[in-house]
Every structure is written in C-alpha cells, then in structure tokens.
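The values are calculated or read from the model by the stated rules, or taken from the named source; none is laboratory data. The shown structure was predicted, so the numbers you read here are calculated from the model rather than taken from an experiment. With ideal geometry, Cβ positions are generated from the backbone for all residues, glycine too; neighbour counts draw on all protein chains shown. SASA here: full protein model, heavy atoms, side chains in, ligands and nucleic acids out. Shrake-Rupley method; radii C 1.70, N 1.55, O 1.52, S 1.80 Å.
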Amino acid sequence: RTAALDPRRNYVFGFHPHGVLAAGAFGNFCTEATGFGGLFPGLRPHLLTLPCWFRLPLFRDYMMAGGLVSSERSSLEHLLSREGGGQVAVIALGGPPESLDARPGALTLQLLGRKGFVRIALEHG
C-alpha cells in the first residue's frame with residue numbers, strides 16, 4: 001500500500017499476472033492470508049471471475065461465500081454504485097486471454113481491447 005484509501009468510496013483494483021488459476025489473487029483478496037483487511041481497513045474486496053463458474057450449483061455458493069463476483073458489466077456496476085462505499089472490485093487485467101498465454105519465465109500483460117473496466121470506473125467516479 002502506498003496511500004490510505006477512503007472507506008466511504010468504492011474502488012477498482014487490478015492484478016497481474018493472471019496465471020492459470022489466479023490462486024495468488026484468491027489468496028490475497030478472498031482470504032486474510034496477506035493481511036488485506038489490516039492494510040485497507042473498511043474495504044471489502046470482491047474478486048471478479050468468469051460468469052460461467054456461477055452456473056455450477058454448489059461451486060457457485062462456495063465462490064460467493066469467498067467474495068467472488070461475476071465479471072459481467074452489470075456486476076461491476078452494482079459493486080461500484082453501492083451506497084456507503086467500502087467495496088473493491090478486483091479485476092484480472094489481462095483476463096482469460098492472459099491466463100491462456102501463461103508460461104514459465106514470461107509475464108505478458110494483455111491490455112489491448114480490455115479497457116471496459118476503466119470506462120466503468122470513470123463513470124462511477
């Protein structure tokens with residue numbers, strides 16, 4: 001952390017690299033393994049993931065209990081428009097294409113054509 005964030009506002013965080021399973025992002029944002037709550041008091045992170053994972057009945061409930069949210073536009077807009085603030089939408093910047101390009105010794109950020117989340121963040125302040 002380089003600056004304190006106002007817990008009365010909502011935020012978009014990005015993470016890179018995606019990797020194959022995004023296990024690092026899950027451990028960091030969906031658990032207290034790295035002390036996220038101590039670094040960012042009053043903020044509740046929600047890791048955004050592909051909507052297809054929410055079609056599996058029991059797995060869907062497990063993911064939602066961990067704070068995961070669908071990466072659909074409507075889900076991101078819902079998080080950023082919540083009254084009272086304190087919500088953090090966490091996005092894999094390169095998305096699925098980046099995960100498929102994962103290989104040892106290479107960190108390729110794939111941002112071209114993946115700027116919709118920036119537009120939505122600007123719309124919500």
Report yes if H46 is in contact with an Asp or Glu (Cβ under 7 Å, 6 or more places away or on another chain) and crowded, with 19+ Cβ neighbours inside 10 Å, otherwise no. no
Region 87-117, residues that are touching a residue at least 12 places away in the same chain (Cβ under 8 Å), of a type in the set (A, V, I, L, M) and either within 18 Å of C52 (Cβ to Cβ) or assigned to a helix (DSSP H, G or I) (or both): I91, A92
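The rows are residues; the columns are (1) more than 24 Å from Q110 (Cβ to Cβ); (2) surrounded by 14 or more Cβ atoms within 10 Å (Cβ to Cβ); (3) in contact with a His (Cβ under 8 Å, 6 or more places away or on another chain); (4) without any contact (Cβ under 8 Å) to a residue 40 or more places away in the chain.
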| position | (1), (2), (3), (4) |
| --- | --- |
| T2 | yes, no, no, yes |
| R9 | yes, yes, no, no |
| G14 | no, yes, no, no |
| P17 | no, yes, no, no |
| E32 | yes, no, no, yes |
| G35 | yes, no, no, yes |
| G38 | yes, no, no, yes |
| L58 | yes, no, no, yes |
| D61 | yes, no, no, yes |
Total residues in region 66-80, condition over 22 Å from G116 (Cβ atoms) and open to solvent by 90 Å² or more (accessible area, probe 1.4 Å): 0
Could you tell me how many of the residues in region 17-45 are under 13 Å from the mean Cα position of the chain (by Cα) and outside any loop (DSSP other than H, G, I, E, B)? 9
Go through region 51-86 and count every residue that is within 18 Å of I120 (Cβ to Cβ), of a type in the set (A, V, I, L, M, F, W, C) and assigned to a helix (DSSP H, G or I). 3
Of residues in region 83-105 being exposed (fewer than 12 other Cβ atoms within 10 Å of the Cβ) and over 21 Å from F26 (Cα atoms), the one modelled with the lowest pLDDT: G105
